[in-house]
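One structure is given here, and the rest of the page talks about it.
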Amino acid sequence: MRALTVEPGRAGSLRLDQRPEPTPADGELLVEGVALGVCGTDREIVAGEYGWAAPGAERLVIGHESLGRVLEAPEGSRFASGDLVVGVVRRPDPVPCGACAAGEFDMCRNGRYRERGIKEIDGYAAERWTVPETYAVPVDPALGLCAVLTEPASVVAKAWEQVEAVGRRAWFEPRSVLVTGAGPIGLLAALMGVQRGLSVHVLDRVADGPKPDLVRDLGATYHHAPVAEVTAALQPDVVIEGTGVGSLVFDALAGTGPYGIVCLTGVSSGGRTLSLDAGALNRALVLENDAVVGSVNANQRHFQLAEQALHQADTAWLSRLITRRVPLNRYAEALEAGPRDVKVVLDLENAGA
Ligand code: BGC
């Protein structure tokens with residue numbers, strides 16, 4: 001079978017390899033790949049800037065935004081052949097640290113966690129893959145291809161959970177959320193904001209393409225003005241930051257309303273400096289009891305929350321997030337980010353010859 005592999009750390013090493021058919025171990029499902037979402041992390045791995053092969057291996061099968069169909073399930077399994085399934089990305093560290101021992105491997109403390117398609121375990125960019133049943137999440141067949149959005153939605157479900165946990169430290173009745181960045185993470189964050197009954201605002205730098213309409217069709221407001229201008233008028237209770245752009249992050253931190261909560265989800269590349277009035281920022285955070293929290297990855301609970309959020313969403317709207325579908329054999333096209341892309345998906349079912 002074919003799998004998309006890289007040599008981590010080496011740009012230009014992406015290629016389609018022939019790999020032996022996977023054999024499920026005890027308690028594992030054998031899954032036929034249906035689709036794979038491509039994200040910024042995959043592009044970083046392909047550029048040689050991120051990613052780790054398994055110890056002793058040279059190459060890594062990429063891909064962490066999975067969607068597959070069960071081919072074989074163990075006896076007595078909650079899965080049956082034909083079920084649509086998504087695989088969890090992270091695995092606990094081997095020590096394990098307290099968080100990993102408690103099943104909260106998304107909060108791993110010692111950094112020795114592994115991630116499929118990213119860190120030391122082969123990913124889901126393969127025609128067939130296996131997954132332990134405990135790390136498999138059943139998805140609604142009515143979602144069809146949109147279920148490939150479950151993994152990014154799980155990251156967003158965790159971010160919302162973080163915001164709500166931080167909010168509970170005192171009286172908390174948020175009314176507005178500003179989401180920065182209208183990529184898949186931002187749009188899914190906006191969807192979950194609308195599902196919570198909030199007044200939702202999304203900011204991005206583009207003025208055309210599919211993003212403004214996707215935001216408006218959710219019943220949310222689209223902005224492409226500078227963030228400081230938007231926050232000055234809006235004073236948002238919550239900000240979900242999805243760009244990782246340093247200047248935007250600091251403007252968002254300074255611009256919340258009182259008791260504002262900013263959740264940072266964008267992974268920046270680093271290496272850029274900016275000058276800012278740290279005293280004024282500190283003063284704004286202290287005098288307003290503001291909070292900022294970083295959030296990455298997701299555990300099984302967040303995948304379930306994600307599945308529920310997608311299940312409750314309008315499938316026609318979700319399907320518009322998938323702006324390109326590329327057969328596996330034309331993988332290079334999928335890894336190039338186009339100006340009108342929201343989510344690009346590799347087609348593993350109609351993979352091409
Ligand atoms: C993935 C997360 C992962 C993070 C860091 C993201 O793209 O969605 O699951 O934890 O990258 O590796």
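The values are calculated or read from the model by the stated rules, or taken from the named source; none is laboratory data. None of the values given here were measured: they were computed from a predicted structure. When we count neighbours, we look across all protein chains shown, and the Cβ atoms used for this are built from the backbone with ideal geometry, even at glycine. What goes into the accessible areas is simple: the full protein's heavy atoms, side chains included, and nothing from ligands, DNA or RNA. Shrake-Rupley method; radii C 1.70, N 1.55, O 1.52, S 1.80 Å.
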The lone condition residue 119 fails out of (1) within 16 Å of the ligand (Cβ to nearest atom); (2) crowded, with 24+ Cβ neighbours inside 10 Å is (2)
*With respect to residue 81, is the statement that it is away from the ligand (no atom under 12 Å from the Cβ) and among the hydroxyl-bearing types (Ser, Thr, Tyr) true?*
yes
Of 49, 7, 28, 21, the only residue that is assigned by TED's automatic domain parsing to the domain that holds residue 133, of a type in the set (D, E, K, R) and crowded, with 21+ Cβ neighbours inside 10 Å is 28
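Take residue 180 and decide whether it is in contact (Cβ under 8 Å) with a residue 40 or more places away in the chain, of a type outside the set (Phe, Trp, Tyr) and within 30 Å of residue 288 (Cβ to Cβ). Quick ask: steps written out before the conclusion?
Details: in contact (Cβ under 8 Å) with a residue 40 or more places away in the chain: yes; of a type outside the set (Phe, Trp, Tyr): yes; within 30 Å of residue 288 (Cβ to Cβ): yes.
Yes: the conditions hold for residue 180.
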By residue number, the members of the range 1-38 that are touching a helix residue (DSSP H, G or I) at 6+ places or on another chain (Cβ under 8 Å) and among the hydrophobic types (A, V, I, L, M, F, W, C) are 4, 6, 11, 14, 16, 29, 34, 35, 36, 38
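Where in the range 100-208 are the strands (runs of 3 or more DSSP E), entirely inside, with at least 2 residues that are in the same structural domain as residue 90 (by TED's automatic domain parsing) and touching a Lys or Arg at 6+ places or on another chain (Cβ under 6 Å)?
Details: elements: 114-116, 128-132, 136-138, 176-180, 199-203.
It comes to 114-116.
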Exception for residue 12 within (1) open to solvent by 50 Å² or more (accessible area, probe 1.4 Å); (2) closer than 29 Å to residue 146 by Cβ falls at (2)
Item to complete: Inspect the range 138-153 for any residue being without any contact (Cβ under 8 Å) to a residue 24 or more places away in the chain and either more than 16 Å from the ligand (Cβ to nearest atom) or open to solvent by less than 50 Å² (accessible area, probe 1.4 Å) (or both) and give the result as yes or no.
Response: no
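Considering 83, 93, 106, which residue is modelled with pLDDT of 95 or more, under 25 Å from residue 347 (Cα atoms) and of a type in the set (Asp, Glu)? Before you say what the answer is, go through the steps one by one.
Values: 93 fails: under 25 Å from residue 347 (Cα atoms); 106 fails: under 25 Å from residue 347 (Cα atoms).
After ruling out the rest, the residue left standing is 83.
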Among residues of the range 35-46 being within 10 Å of the ligand (Cβ to nearest atom) and open to solvent by less than 10 Å² (accessible area, probe 1.4 Å), the residue nearest to the chain's Cα centre (by Cα) is 37
Residues in the range 59-75 that are surrounded by 24 or more Cβ atoms within 10 Å (Cβ to Cβ) and part of a strand (DSSP E or B) total 5
Exactly one of 294, 270 is within 16 Å of the ligand (Cβ to nearest atom) and on the phi > 0 side of the Ramachandran plot, and that residue is 270
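Can you name the strands (runs of 3 or more DSSP E) wholly within the range 239-353 that have at least 3 residues being crowded, with 16+ Cβ neighbours inside 10 Å? Steps first, please.
Details: elements: 261-264, 291-294, 322-327, 343-347.
Correct list: 261-264, 322-327, 343-347.
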Practice problem: Could you check, for the range 265-285, whether at least one of its residues is touching a residue at least 24 places away in the same chain (Cβ under 8 Å), within 16 Å of residue 202 (Cβ to Cβ) and of a type in the set (Val, Ile, Thr)? | Solution: yes
